[in-house]
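Shown next, in C-alpha cells, is the structure this report addresses.
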Amino acid sequence: MDLDDLVRLRRARDTMDRDYARPLDVPALARVALMSPGHFSRSFRAAFGETPYSYLMTRRVERAKALLRRGDLSVTEVCFAVGCTSLGSFSTRFSELVGVSPSAYRARGHEAAAAIPACVAKILTRPVRIKEAESAAAS
C-alpha cells in the first residue's frame, strides 16, 4: 500500500469519526477515499485491522456510551442519535463491544467517572470487542 492510499484511507476514517451519525456505507466512504468499494474495504482492513463497518460501529458505540452516561435520553433516542437505524442491531453490537446491554449500561452509576477529564474518560471507556479483550488477557 502506498502513501497516497493511506492518506485517502485516513480521510475516510476521519469522515467516520466526524460524521458517525450520518448514514455512511462502504460505497459512500469509498468515494471519499477515491477507491472502488471492494478495494476500499480490503485496503481499510489491511491498514487499520478492522472492516470499515466495524470501525464505524465502534465510533457509534463510543458516542452512545457518553450519551447513556448522561442519562437524559432513552436507549432508542441514543440509538438514532448515533446514526443507527435498527434498535436491535444497535443493542446487539453495543452488548458485543461493551459486555452489557445499553439499558444495563445506562442504569449503572456513572458518578465516579464524572470527575475524570473527558480526554481520559474517552480512552478508558473505549469499546473493545469481548473476544479481543479475552485474547489480550490470555496473552
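This table checks each residue for (1) in contact with a helix residue (DSSP H, G or I) (Cβ under 7 Å, 6 or more places away or on another chain); (2) in a loop (DSSP other than H, G, I, E, B).
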{"site": "Asp5", "(1), (2)": "yes, no"}
{"site": "Arg10", "(1), (2)": "no, no"}
{"site": "Asp17", "(1), (2)": "yes, no"}
{"site": "Ala21", "(1), (2)": "yes, yes"}
{"site": "Pro27", "(1), (2)": "yes, no"}
{"site": "Ala30", "(1), (2)": "yes, no"}
{"site": "Phe40", "(1), (2)": "yes, no"}
{"site": "Ser43", "(1), (2)": "yes, no"}
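Determine, yes or no, whether Arg63 is within 13 Å of the chain's Cα centre (by Cα), under 17 Å from Ser95 (Cα atoms) and open to solvent by 50 Å² or more (accessible area, probe 1.4 Å). Against the criterion (within 13 Å of the chain's Cα centre (by Cα), under 17 Å from Ser95 (Cα atoms) and open to solvent by 50 Å² or more (accessible area, probe 1.4 Å)), Arg63 qualifies. With respect to the stated conditions, Val78 fails to be open to solvent by 10 Å² or more (accessible area, probe 1.4 Å), in a helix (DSSP H, G or I), of a type outside the set (Gly, Ala, Ser) and modelled with pLDDT of 95 or more.
Just need a number here: residues in region 37-58 that are closer than 15 Å to Arg11 by Cβ and open to solvent by less than 30 Å² (accessible area, probe 1.4 Å). So the count comes out to 6. None of Asp19, Asp14 is free of Cβ contacts under 8 Å to residues at least 24 places away in the same chain and open to solvent by less than 50 Å² (accessible area, probe 1.4 Å) except Asp19. Looking across Leu29, Leu34, Leu87, one residue alone is over 30 Å from Met1 (Cβ atoms) and either modelled with pLDDT of 95 or more or open to solvent by 20 Å² or more (accessible area, probe 1.4 Å) (or both). It is Leu87.
The values are calculated or read from the model by the stated rules, or taken from the named source; none is laboratory data. None of these values were measured; they are calculated from a predicted model. Note that each Cβ is placed from the backbone with ideal geometry, even for glycine, and that neighbours are counted across all protein chains shown. The area values use the complete protein model at the heavy-atom level, side chains included, leaving out ligands, DNA and RNA. Shrake-Rupley method; radii C 1.70, N 1.55, O 1.52, S 1.80 Å.
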